[in-house]
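Reviewing the structure listed below.
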Amino acid sequence: MDDYVDDHILDILGIGSREDSYTDLIAYAFKHYPVSTTFSQIIRDSALCQFQGTCKRVRGYRAATGSNQKQKERARDLVLVDRETQTIVLIETKLFAGEGCDQTKDYASNWFQSSLGRHHDLITPHFAFYFLTLDGKKPESEDSRAMKWKDVADCVPENLGTTKLDMLLREFKDRVSQHSDWPFPAPEQIVLEYLKKVPEPQRLIGWHQTFRKFGENLLAELKGFEKEFHTANNPREGFIPLVLFYKSGWVSTEPNQNDGKKNFSIHFELQWSTGKPDADHLTLYVHYETNPYRTRGELKKESADFQAGYGETREAFVTELKKASALPDWTIRTSFLQIARYEFDRKRALKISRTKHLASSMT
């Protein structure tokens with residue numbers, strides 16, 4: 001990692017982890033630097049529109065998502081407007097935070113689009129939606145396209161000058177590239193040593209990124225699995241990076257909302273509980289949930305027949321799990337979400353290669 005710049009201007013200013021700082025920089029660069037030409041090309045290619053407009057950083061303006069005044073109001077981070085083609089491109093930026101509840105779905109609502117179109121004095125606007133994250137996380141709405149910060153950073157030319165904007169763009173490009181290029185673990189590396197090792201200053205590399213690289217490397221050899229990376233926080237467990245993985249048949253494709261027996265979502269979930277002593281609590285769970293996910297309170301609101309059918313099928317699955325050949329390695333502990341767990345040995349210097357073998361044998 002010695003190829004990256006030594007200047008840490010954003011850290012010195014105390015804004016190296018602030019999402020707004022990176023969003024403001026992109027908006028400013030779009031207006032004042034040739035980066036806009038390449039960035040516009042990305043928008044044109046992926047949105048299938050001839051975008052030639054200007055970029056605005058949205059501050060203050062909020063558009064309603066429904067006719068009722070009690071409906072939520074939303075403000076998109078970046079708005080690109082092309083008056084000639086009546087095109088509005090909306091970009092929601094995320095650094096470490098996840099998507100807000102129904103955030104991208106709200107942006108796709110007719111009310112939001114109509115309000116935003118009127119605000120920019122466009123008669124028949126066309127819309128394109130983007131969800132910009134470090135890892136290209138999929139948005140909840142099918143109307144939004146995933147985009148990585150690396151896509152934007154690649155638009156910044158290599159031959160930058162010495163202006164203040166050039167200096168900030170150079171650091172931005174290096175930070176994002178360092179995050180994207182962070183190495184996967186080697187087979188003989190100790191798992192916890194790899195997970196805990198981050199650069200100083202940290203920049204955009206934290207335990208969320210080391211865990212993601214570890215998880216991607218671990219699951220690369222497990223064929224046929226879909227995977228989703230998330231983070232959680234728990235008062236006792238601390239910051240928890242996690243990855244859940246499953247096969248297509250493990251989730252009810254057309255969940256019956258009236259028949260609990262045909263409503264299920266089963267997956268493995270690997271968690272790293274960093275709040276535990278020495279941040280060495282690595283656990284693999286088996287979860288059995290409703291589809292879509294319901295909290296305990298939401299499940300109790302379902303009909304008695306639904307709850308009984310769901311509980312009956314869930315218990316039958318637990319019975320089958322107890323017959324599995326890998327059972328001696330698992331602790332069967334039925335709770336609202338989990339039905340089994342395996343705790344990786346914290347007293348041994350567990351290597352990456354051994355972790356892969358264990359994961360393969362148990363899944």
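The Cβ shell under 12 Å around PRO187 holds other residues with a net charge of +1, Lys and Arg each +1, Asp and Glu each -1.
Among the GluC sites (Glu not before Pro) within segment 97-163, those in coil by DSSP and having at most 12 neighbouring Cβ atoms inside 10 Å are GLU142, GLU158.
Note on ILE332 and ALA97: the extension gain reaches 81.3 nm, defined as 0.36 nm multiplied by sequence separation minus the Cα-Cα distance. Each principal axis of segment 184-362 carries a Cα extent, and these read 55, 35, 28 Å when sorted largest first. Sites listed here are trypsin sites (Lys or Arg not before Pro) in segment 216-297 whose DSSP assignment is loop and whose Cβ has at most 13 other Cβ atoms within 10 Å: LYS223, ARG236. Restricting the calculation to alpha carbons of segment 238-310 gives Rg and Dmax of 15.2, 46 angstrom. For segment 151-256, the dipole from Cβ point charges (+1 on Lys and Arg, -1 on Asp and Glu) about the Cα centre works out to 260 debye, to the nearest 20.
Each Lys and Arg Cβ is given +1 and each Asp and Glu Cβ -1; about its Cα centre, segment 73-211 then shows a dipole of about 180 debye.
Among residues other than TYR22 with Cβ under 11 Å from its Cβ, the summed charge is -2 (Lys and Arg +1, Asp and Glu -1).
A short reminder: the numbers here are calculations on the coordinates, not readings from a lab. Only a predicted model underlies this, so the values are computations on that prediction, with no experimental measurement involved. Backbone-built Cβ (ideal geometry, glycine too); neighbour counts: all protein chains shown.
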